[in-house]
Amino acid sequence: MNIGASTSNLYPMNTEDALDELLKAGFRTVEVFLNTESEATPEFASNLRKRADEYRAHIVSVHSYNSISESFLFFSNYQRRLKDGLIKIEEVYKAAFIMGASYVILHGDKPSAPLSDNDSAKRYEMLYDLGKENGITVLLENVVNHRSGNLSYITNMRRLIGDKAKFVFDLKQCIRCSLKPSDVITAMSGGIRHVHISDCNRQHECLIPGKGIVDYKQLITCLKENGFDGDIILELYRNNFSDVSDLVMGCHALKDAIK
């Protein structure tokens with residue numbers, strides 16, 4: 001179980017520069033958040049892989065740039081748009097594979113989309129199968145204002161597509177959804193492959209680890225009891241910290257808390 005950081009922490013810094021900053025700061029487990037279509041090319045992916053290799057670091061996951069439009073691309077009734085969307089997401093899968101990543105992270109469908117929960121889950125299965133064809137495991141992240149933020153949707157998805165339902169557990173999104181972390185972890189039990197971590201208190205839903213009230217020993221124990229043995233990635237918003245050194249301190253605080 002490694003602790004790392006996402007390039008998204010440093011948005012809107014260019015993705016490659018954000019990666020460099022994390023590598024220079026000592027992170028050796030990294031998630032890459034692609035921010036635009038031109039970053040999902042073999043050339044760009046090879047460049048990021050080279051940068052990580054120079055530090056003997058591992059890009060473990062890639063967050064798709066089209067998370068804001070996934071419901072529009074993949075979960076509508078317009079088949080031509082779906083076909084075009086699958087071409088674009090396959091480019092992301094191929095780029096992630098070049099980077100050496102195991103996972104591509106999606107936010108998935110929104111409650112306002114036209115598909116039923118059952119049809120939505122089956123459409124997600126299509127995305128998962130395409131990922132497997134490209135050497136990638138697709139993970140659904142629990143996100144506020146998305147169907148993945150609803151425990152009944154997660155439960156139903158697991159019933160319908162079984163072991164293909166794999167997840168990212170995001171702590172801050174639990175807070176934003178007003179859900180107990182243990183309830184989300186239980187709903188995802190056995191399917192969690194990746195974790196996005198942060199801290200919080202009564203006033204702030206996203207803080208550097210060590211600056212809030214999260215009981216990390218309890219959280220990690222719950223994750224382990226539900227089959228998790230993957231990487232833990234610090235993922236915050238840029239206004240939640242001052243400098244990359246804060247991310248490093250957060251990483252150390254987390255390591256100390258879960259010894």
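The values are calculated or read from the model by the stated rules, or taken from the named source; none is laboratory data. On a predicted model such as this, the values are computed, not experimentally measured, just so you know. FYI the Cβ positions are ideal-geometry reconstructions off the backbone, even for glycines, and counts take in every protein chain you see.
Of the set (1) surrounded by 14 or more Cβ atoms within 10 Å (Cβ to Cβ); (2) over 26 Å from Arg147 (Cα atoms); (3) not polar (S, T, N, Q), all apply to Tyr65 but (2). Of all residues in the stretch 65-85, those being farther than 16 Å from Leu115 by Cα, at pLDDT 95 or above and in a loop (DSSP other than H, G, I, E, B) number 1. When residues in the stretch 25-53 are screened for being out of contact with any helix residue (DSSP H, G or I) (no Cβ under 8 Å at 6 or more places or on another chain), farther than 26 Å from Gly85 by Cα and surrounded by fewer than 17 Cβ atoms within 10 Å (Cβ to Cβ), 3 of them pass.
Kindly provide the set of residues from the stretch 225-237 that are surrounded by 12 or more Cβ atoms within 10 Å (Cβ to Cβ) and under 17 Å from His196 (Cβ atoms), ordered by number. Even if it seems obvious, please write down each step before you answer.
Keep residues of the stretch 225-237 that are surrounded by 12 or more Cβ atoms within 10 Å (Cβ to Cβ), which gives 225-228, 230-237.
Within the stretch 225-237, Asn226, Phe228, Gly230, Asp231, Ile232, Ile233, Leu234, Glu235, Leu236, Tyr237 meet the criteria.
For (1) closer than 22 Å to Asp229 by Cα; (2) assigned to a helix (DSSP H, G or I), each residue gets a yes or a no:
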residue: Ile89; (1), (2): no, yes
residue: Lys110; (1), (2): no, no
residue: Gly131; (1), (2): yes, yes
residue: Val138; (1), (2): yes, no
residue: Ile154; (1), (2): yes, yes
residue: Arg159; (1), (2): no, yes
residue: Gln173; (1), (2): yes, yes
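Would you confirm, using the coordinates I've provided, whether Asn145 is in contact with a Lys or Arg (Cβ under 8 Å, 6 or more places away or on another chain), polar (S, T, N, Q), surrounded by fewer than 17 Cβ atoms within 10 Å (Cβ to Cβ) and at pLDDT 95 or above? Criteria met by Asn145.
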